[in-house]
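Accompanying notes for the structure given below.
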Amino acid sequence: MKLDSLVSLGELKAFLDGSQAIAFAVASNKDERYQFVEKILKRFNYHQLKRQDKGIVILFLQKVSGYSRQQITRMIRRYAEQGKLKRYHKTTNGFEVVYTKKDIKLLARYPQWFNGQEIV
C-alpha cells in the first residue's frame, strides 16, 4: 500500500498505530513536502473534521513529513487563510545600511572625522 491509497481516517490511524504495512518515502526537498502537506489537507477536508480527527491528521503529517507539530500547525493556519500552501523563501541582506546618503556626504566633506580627530 502506498500513501496515495490512504483515503480514510481509519487507515491513517492504523498507519500511526503501526498495524498496517505501508511503503512511503519522505519527499526529498521542502517544496515537495509542502505540496504533500497541502494534498493531505485537501484530501481529508481538514477544516471540516472533528477535533479528534484533526489530531490524527496532524500526527500523520508529523510522522511522514518530518516537521514538528508547531510547523505543521503554522502550515495549516496558512492553508486556511490563503486556500493553498506556499513556501516562502526568506533571504536576508547581511549588510545593513549604517550611514544614509546625507551622512556619507558629511563624512566626505570632513575627512578628519575618519581619523578620530574632533573638530573644534
Looking at (1) modelled with pLDDT under 90; (2) within 19 Å of the chain's Cα centre (by Cα); (3) surrounded by 10 or more Cβ atoms within 10 Å (Cβ to Cβ), which is the one condition that is false for Q20? (2)
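What number of residues in the stretch 53-94 are free of Cβ contacts under 8 Å to residues at least 12 places away in the same chain and either among the hydroxyl-bearing types (S, T, Y) or not in a loop (DSSP other than H, G, I, E, B) (or both)?
15
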Filter the stretch 58-70 down to the residues that are within 10 Å of R33 (Cβ to Cβ) and surrounded by 14 or more Cβ atoms within 10 Å (Cβ to Cβ), then identify the one that is nearest to the chain's Cα centre (by Cα). Y67
Can we say T100 is out of contact with any Asp or Glu (no Cβ under 6 Å at 6 or more places or on another chain) and modelled with pLDDT of 90 or more? no
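The values are calculated or read from the model by the stated rules, or taken from the named source; none is laboratory data. From a predicted model like this one, the values you see are computed outputs, not experimental measurements. Quick reminder, even Gly has a Cβ in these numbers, built from the backbone with ideal geometry, and neighbours come from all protein chains shown.
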